[in-house]
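The values are calculated or read from the model by the stated rules, or taken from the named source; none is laboratory data. Note that the structure is predicted; figures quoted are calculated from it, not measured. Every residue, glycine among them, receives a Cβ derived from its backbone with ideal geometry; neighbour counts consider all protein chains shown.
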Amino acid sequence: MQDSIDALVIKFCQLTGSRIRVLKKELKHKGEQIDAEIELKTGSLKTTFYVEQKNEMRQAMLPALIERMKPASDWLLVCKYIPGPLKEELRNMGINYLEEPGNCYIRTENLMFFVNDQSVTSYRLVKEGKIWSPAGLKFIFTLLQAPAILNLPYRRLAFTAKIALGNIGPFIDELEENGFLAKGVKNKKNVYYLQNRNELLRKWSELYASILKPKLRKGKFRFLDVVDWKKRIKNIPAELYWGGEPAGAELTGHLTPEKYTMYTNMDIPKVMKDLKLVPDTNGELEIFEAFWNMDVFNIINQTVPPVIVYADLINSLDSRNRETAERIKTKYLDYQA
C-alpha cells in the first residue's frame, strides 16, 4: 500500500510554511479514478489540485502521466522519490511534482514553489508488493488478457502464467488487498472477479515497461534490406511475433510503423539470418523474449497478445502510438470503468 498523502507532504509544509489539506480521496474525474483532490494554502491563497500518487517515479511512466494530467496546472504528482534527471523532464513539461523529502516544482498562474536541495538518500527504498515483481507482472498479464481463468485451480493458473505454483496464493491475496480482486457468488459457488480493471491495466503497463520488459530485451538491430513496411510485417517466420507499432498497424489499420518491436524465443543468430539483420544500438528493430504461454493465448496476425501491444504503445511519447493503444483497448480489451 502507498503511504498516505499526509505523510508525504510533511517536509514540504515545514520548508514552505504552507498547509495541505486532503479534500477527497479516490474520486472519479472524467471517468478516471484519481487518488485524491487536495487544497494547498499559502497565506490567504488557496489552490486545489488533483493528485497522482506514486511510490517511485520512473521514465516509463511518463507518457501515461502526460496523457492523464491535462491540463497540467490542475495536477500535482506526489511521490516518495523522483530521480534527478526525471525531475528536470517534469519541469520542462510543466508538470507539478512534490517529493517526500520536500523537493518540489509547483507552478500555477498565481503560485510558484521550487525546492531542489533536500537529500533523497533515505527515501530510495521504495516499498512495492511482490505482485509487481517480474513473476507478479506475468500473472497480472495473464488475468488481464484472459480474466475467465481467474477461478481455475491454482496449478492451472501457474501453468498458464508460466510462474511457480507457490506464487499464486500470495499474488491473489495481494491483488485483493489492493482492491483489484473481489469475491462473489456464481452458480452457488464462491468466485473471484477482477475489479478496477482500467486502473490495473494502467499500473501494469507502467511497471511492465520499467520492471519486466527490460529483462526481456535481446538487443537492437537494423534491417539490411529496404522493404515496404506492409511487406515486412507480413513476411516473417512463424516463431516471431510483432509488438509495438507493427502490431498496432496490424490490429487497427491505423498506424504506419516507424520503429519495430518483435518478441520471440528463437535464437538471435537465426533471427538475424532470417530477417537480414545486423546489431545496431540505433537500429529501428528491438527484439524481446516472448514470455507468455504459447499453448494458451491465441495469436492474431502474428502479433503478441493485445495487452502487450497496448503496453508497448501507451508507454510511447508519440501521440500516434497512444491513440492506437486506446483503439486496441476499446476493440480487444474492453475494460469498463
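Of everything in region 12-43 that is among the hydrophobic types (A, V, I, L, M, F, W, C) and part of a strand (DSSP E or B), the residue that is surrounded by the most Cβ atoms within 10 Å (Cβ to Cβ) is L40.
L224: surrounded by 17 or more Cβ atoms within 10 Å (Cβ to Cβ) and either over 22 Å from the mean Cα position of the chain (by Cα) or not assigned by TED's automatic domain parsing to the domain that holds M266 (or both), yes or no? No: the conditions fail for L224. Taking the conditions (1) under 24 Å from the mean Cα position of the chain (by Cα); (2) surrounded by 14 or more Cβ atoms within 10 Å (Cβ to Cβ) in turn, W229 satisfies each one other than (1). Restricting attention to region 272-327 and to residues that are among the basic types (K, R) and in contact with a helix residue (DSSP H, G or I) (Cβ under 8 Å, 6 or more places away or on another chain), the residue that is nearest to R58 (Cα to Cα) turns out to be R322.
Check L277, L313 and return the single one that is within 19 Å of the chain's Cα centre (by Cα), buried (at least 20 other Cβ atoms within 10 Å of the Cβ) and of a type outside the set (D, E, K, R). Criteria check complete, one pass: L313. Looking at I299, I314, I328, just one residue is touching a Pro at 6+ places or on another chain (Cβ under 6 Å), within 24 Å of A148 (Cβ to Cβ) and not assigned by TED's automatic domain parsing to the domain that holds F180, and that residue is I328. Of all residues in region 44-60, one or more are part of a loop (DSSP other than H, G, I, E, B) and either among the acidic types (D, E) or surrounded by 13 or more Cβ atoms within 10 Å (Cβ to Cβ) (or both). Looking only at residues in region 74-86 that are part of a helix (DSSP H, G or I) and modelled with pLDDT under 90, the one that is nearest to S119 (Cα to Cα) is G84. Looking across K230, K203, K183, K215, one residue alone is more than 20 Å from A311 (Cβ to Cβ) and assigned to a helix (DSSP H, G or I). It is K230.
If you check E206, E199, E176 for being within 24 Å of R155 (Cα to Cα) and not assigned by TED's automatic domain parsing to the domain that holds I66, only one passes: E176.
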